[in-house]
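Trainee: Once you've had a glance at the structure underneath, I'll fire off some questions.
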Amino acid sequence: MSRDALEKWIAFVEPGHSPDGGETWRNWVVRLRDDGRTIGTVQATIVGEEATLAWTIGSGFRGQGYAKEAAAAVSAWVATSGVVRLRAAIHPDHAASARVARSIGLAPTTEVVDGEIVWRGMPATA
C-alpha cells in the first residue's frame, strides 16, 4: 500500500464507524513490549452483537504467538462491549490463521465468502 493510500485509509477508518453508522470499527496496532516496534494490526468490525475479527502480523514475527495474543485480547475486549458472537473469514490455505481462530474458540462453518471460509464462535467469558 502506498503512503497516500494508507493515509486515505486511516482518514476513512479514524471516525470508528461506517459512514451510515451501521458498523463500529476498532483497529489496534500490535507492538512489541520490549521496544515498541510495530509488528502488525488487529481489528474488529462490530455489527449489532457480532464482531468480525481480523489480524495481520509481519512476516518476520509470525509463529511466535503474537497473532494469538492479539486476537485473544480483542475477543475479550469486544465481549465487554456487548458482542456475543465472533466471526472471521480465513483463506482455506492459511493454516496459521486457522490455528489463531481455533485458539479463540472459533470453528469453521460451511459458509464461504470471496473464497474464504467463515469461522464462528462466541467470545470467552471471564
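The values are calculated or read from the model by the stated rules, or taken from the named source; none is laboratory data. What you are looking at is a predicted structure, and each value in this text was computed from that prediction instead of being measured. Using ideal geometry, Cβ is built from the backbone for each residue, glycine included, and neighbour counts are taken over all protein chains shown. To get the accessible areas, we keep the full protein, side chains included, count just its heavy atoms, and leave off ligands, DNA and RNA. Shrake-Rupley method; radii C 1.70, N 1.55, O 1.52, S 1.80 Å.
Trainee: Sorting Ser81, Ser59 by accessible area (1.4 Å probe), largest first, what list results?
Mentor: If we order Ser81, Ser59 from most to least accessible, we get Ser59, Ser81.
Trainee: Next question. Using a 1.4 Å probe on the protein heavy atoms, what percent of the accessible area of the chain belongs to carbon and sulfur?
Mentor: So the carbon and sulfur contribution to the accessible surface is 54 percent.
Trainee: Could I ask something else about it? Please work out the average accessible area per residue across the chain, using the 1.4 Å probe convention, and give it in Å².
Mentor: Accessible surface, normalised per residue, equals 63 Å².
Trainee: Highest first, please rank the peptides 15-24, 39-48 by the mean number of other Cβ atoms sitting within 10 Å of their residues.
Mentor: Output ranking for 15-24, 39-48: 39-48, 15-24.
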